[in-house]
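The values are calculated or read from the model by the stated rules, or taken from the named source; none is laboratory data. Bear in mind that the values here come from a model prediction, so they are computed numbers and not experimental data. Glycine also receives a Cβ, built like all others from the backbone with ideal geometry; neighbour counts cover every protein chain displayed.
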Amino acid sequence: MPSRAELLRELRLRVGDAAVLDAPPAELLTDQRGLYQGAVAAVVAPQSTAQVASLLAYCHEQRISVVPQGGNTGYCGGATPDASGSQLLLLLSGLKAIRAVDPDNYSLTAEAGCILATIKQAAAAAQRYFPLALGSEGSCQLGGNLSTNAGGLNVLRYGMTRDLVLGLEVVLADGRVLDTLRALRKDNTGYDIKSLFIGAEGTLGVITAATLKLLPQPLASATAFVAIPSPAQAVALLARLRAVSGERVASFELIPRIAIELTTRLIAGVADPLDDSSPWYLLVELTSSAADEQLNACLDQALEAAMNAGEISNASVAQNERQRSDFWRLRESIPAAQRRAGASLKHDVSLPITALPRFVAVASAWVAQHVPEGYLVAYGHVGDGNLHFNITASGAGEALLRRQAEIKRVIHDLVHEMHGSFSAEHGIGQLKLEELERYTDPVELELMRTLKQAFDPRGILNPGKVLRNAK
Ligand code: MLT
Ligand code: ZN
């Protein structure tokens with residue numbers, strides 16, 4: 001390891017004085033939930049792929065660990081350096097060009113530091129749609145979306161980030177640049193190497209750009225806020241909606257009563273969409289790229305049938321864009337409201353949707369009986385079988401946080417028994433290393449370690465994330 005003065009001199013030579021931050025802002029050294037506090041040898045903000053390549057070549061030679069960071073909106077500490085003070089924090093925010101938009105090929109190439117909302121706007125300016133939809137889209141960056149294989153609010157219809165990628169540009173551990181930026185829908189040319197970097201959280205390479213799929217813009221939508229007695233009726237309503245509208249169901253979100261109480265109390269401008277109280281709700285949205293499609297009629301038909309069958313107790317269909325965005329504001333404010341309400345434990349689980357009602361019943365009963373230190377705020381993308389089974393502290397939080405390991409063990413063991421996943425869309429980072437080891441098929445884990453060794457033999461890329469450091 002070079003001395004700090006030597007390191008800074010070399011970094012400045014490679015990326016210029018302005019791109020080397022002497023005193024890093026504190027918020028870069030912690031994750032947004034405040035779970036981890038890191039320290040760094042230096043922070044660099046390169047402006048091009050060539051600069052990232054030059055930095056990695058140097059770090060590889062000197063065996064300096066590199067932690068890539070995008071918008072720092074992750075939940076698992078994947079972008080936070082360790083506490084040693086020996087790592088280099090690599091900000092991708094300087095790589096922010098939209099390199100190409102090809103509306104007729106329905107594709108767009110953007111650099112890793114582009115804010116997700118900017119990519120969506122660039123697509124819209126060409127009358128196209130980039131469907132990835134996240135609460136944090138105003139600040140999260142494409143590189144982070146790709147590295148965590150982000151999910152979000154539209155997965156039911158359009159898939160996860162991985163499903164939206166045609167090609168990637170990646171800087172490898174030793175500084176070589178892998179260029180698979182091909183805007184092709186069909187390309188069966190051996191192993192799908194690019195796919196390995198998606199969801200790898202910067203442990204196999206640093207993604208610097210991507211060619212993304214675009215879709216026709218949704219020109220019609222129908223949105224409803226629906227009251228249901230229990231999650232079982234969510235499964236029934238989704239089946240009804242699919243029967244009448246097929247793939248037009250774009251979002252299908254489960255919301256518990258407590259989330260209405262938290263958001264209306266803690267977030268300005270959020271109102272309860274229905275006048276009577278219900279234990280559970282759904283936010284449902286159908287979209288179509290045909291402007292004249294009668295989506296409200298489809299929605300009304302499914303809701304009426306569900307009402308007659310006693311599956312739903314009330315519903316409000318948005319009459320205009322204002323009402324629609326009010327429904328969404330409530331849904332998207334849940335994480336912020338939960339943060340304001342106090343400390344919380346997050347469990348980002350997924351199950352086959354048919355198993356969700358039983359999971360919610362069993363796990364909720366366990367929390368009610370065994371966790372007096374907190375209360376359940378379970379919500380999420382039920383159409384994808386993905387639930388944020390979060391527990392918020394009733395009091396100051398220390399008592400709940402002290403029991404974190406024991407509580408997550410019970411919940412994740414139950415998920416595992418029911419053939420689900422302990423990490424649906426938030427990734428592993430440094431938060432879920434133990435779970436990955438406990439629940440992943442041993443052969444799969446072995447292959448992951450083999451890949452890490454092959455791609456990063458010196459272990460300099462985001463060490464201690466996804467996989468524990470090799471001994
Ligand atoms: C969301 O869907 O709002 C987030 O992914 C979940 C969370 O904040 O726990
Ligand atoms: Zn989510």
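Being part of a helix (DSSP H, G or I), out of contact with any helix residue (DSSP H, G or I) (no Cβ under 7 Å at 6 or more places or on another chain) and touching a residue at least 40 places away in the same chain (Cβ under 8 Å): is that true of Ala124 here?
Values: part of a helix (DSSP H, G or I): yes; out of contact with any helix residue (DSSP H, G or I) (no Cβ under 7 Å at 6 or more places or on another chain): yes; touching a residue at least 40 places away in the same chain (Cβ under 8 Å): yes.
Criteria met by Ala124.
Within the group Tyr375, Tyr379, which residue is closer than 29 Å to Ser333 by Cβ and within 16 Å of ligand 2 (Cβ to nearest atom)?
Details: Tyr375 fails: within 16 Å of ligand 2 (Cβ to nearest atom).
Selected residue: Tyr379, the only one of Tyr375, Tyr379 that is closer than 29 Å to Ser333 by Cβ and within 16 Å of ligand 2 (Cβ to nearest atom).
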*Go through the residues of the range 96-105 one by one and say whether even a single one is within 30 Å of Ala343 (Cα to Cα) and touching a residue at least 24 places away in the same chain (Cβ under 8 Å).*
no
_Answer from Gly395, Gly420, Gly459 - the residue that is loosely packed, with under 13 Cβ neighbours inside 10 Å and either at pLDDT below 95 or not hydrophobic (A, V, I, L, M, F, W, C) (or both)_ = Gly395
*For the range 363-379, does any single residue satisfy the condition of being in contact with a Leu (Cβ under 8 Å, 6 or more places away or on another chain), at pLDDT below 95 and either small (Gly, Ala, Ser) or surrounded by 14 or more Cβ atoms within 10 Å (Cβ to Cβ) (or both)?*
no
*Might you check whether a residue that is at negative phi and in a helix (DSSP H, G or I) occurs anywhere in the range 274-286?*
no
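Restricting to the range 270-286, give me the number of residues that are modelled with pLDDT of 95 or more and surrounded by fewer than 20 Cβ atoms within 10 Å (Cβ to Cβ).
6
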_Condition broken by Glu406, with the remaining ones in (1) closer than 14 Å to Leu345 by Cβ; (2) more than 16 Å from ligand 1 (Cβ to nearest atom); (3) surrounded by 14 or more Cβ atoms within 10 Å (Cβ to Cβ) satisfied_ = (3)
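What tally of residues in the range 125-142 results from selecting those that are of a type in the set (Gly, Ala, Ser) and over 10 Å from the mean Cα position of the chain (by Cα)? Outline the logic, then answer.
Taking the range 125-142 first, the residues of a type in the set (Gly, Ala, Ser) are 125-126, 133, 135-136, 138-139.
Subset that is over 10 Å from the mean Cα position of the chain (by Cα): 125-126, 138-139.
So the answer is 4.
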*Check every one of the helices (runs of 4 or more DSSP H) wholly within the range 293-382 and list those with 3 or more residues that are at positive phi and within 16 Å of ligand 1 (Cβ to nearest atom).*
none
*Check the range 287-307 and report whether any residue there is buried (at least 21 other Cβ atoms within 10 Å of the Cβ), within 16 Å of ligand 2 (Cβ to nearest atom) and closer than 30 Å to Arg128 by Cβ.*
no
_Take Val67 and tell me if it is more than 16 Å from ligand 1 (Cβ to nearest atom), outside any helix (DSSP H, G or I) and more than 18 Å from Ala209 (Cβ to Cβ)._
yes
_Pairs needed: first member in the range 446-471, more than 16 Å from Ala57 (Cα to Cα); second member anywhere, acidic (Asp, Glu) and assigned to a loop (DSSP other than H, G, I, E, B); C-beta distance under 9 Å; at least 6 residues apart or different chains._
Pro463/Asp82; Pro463/Asp456; Gly464/Asp82; Lys465/Glu201; Val466/Glu201
*Could you tell me whether the range 158-166 includes any residue that is assigned to a helix (DSSP H, G or I), more than 16 Å from ligand 1 (Cβ to nearest atom) and acidic (Asp, Glu)?*
yes
*For the subset of the range 236-251 comprising residues that are closer than 13 Å to Ala309 by Cβ and not small (Gly, Ala, Ser), which member is surrounded by the most Cβ atoms within 10 Å (Cβ to Cβ)?*
Leu237
*Within the range 108-115, can one find any residue that is within 16 Å of ligand 2 (Cβ to nearest atom), of a type in the set (A, V, I, L, M) and buried (at least 20 other Cβ atoms within 10 Å of the Cβ)?*
no
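Can you pull out every residue in the range 44-57 that is in a helix (DSSP H, G or I), buried (at least 20 other Cβ atoms within 10 Å of the Cβ) and not hydrophobic (A, V, I, L, M, F, W, C)?
So in the range 44-57, the residues in a helix (DSSP H, G or I) come out as 49-57.
If we keep only those that are buried (at least 20 other Cβ atoms within 10 Å of the Cβ) as well, we get 51-53, 55-56.
Residue satisfying the conditions is Gln51 alone.
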*Filter result (in contact (Cβ under 8 Å) with a residue 12 or more places away in the chain and either on the phi > 0 side of the Ramachandran plot or of a type in the set (A, V, I, L, M) (or both)) within the range 413-444*: Leu414, Val415, Met418, His419, Ala424, Gly427, Ile428, Gly429, Leu431, Leu433, Leu436
*Can you run down the residue pairs with Cβ atoms below 8 Å, 6 or more apart or on separate chains, where the first is in the range 322-339 and surrounded by fewer than 20 Cβ atoms within 10 Å (Cβ to Cβ) and the partner is at pLDDT 95 or above and in a helix (DSSP H, G or I)?*
Ala336/Leu266
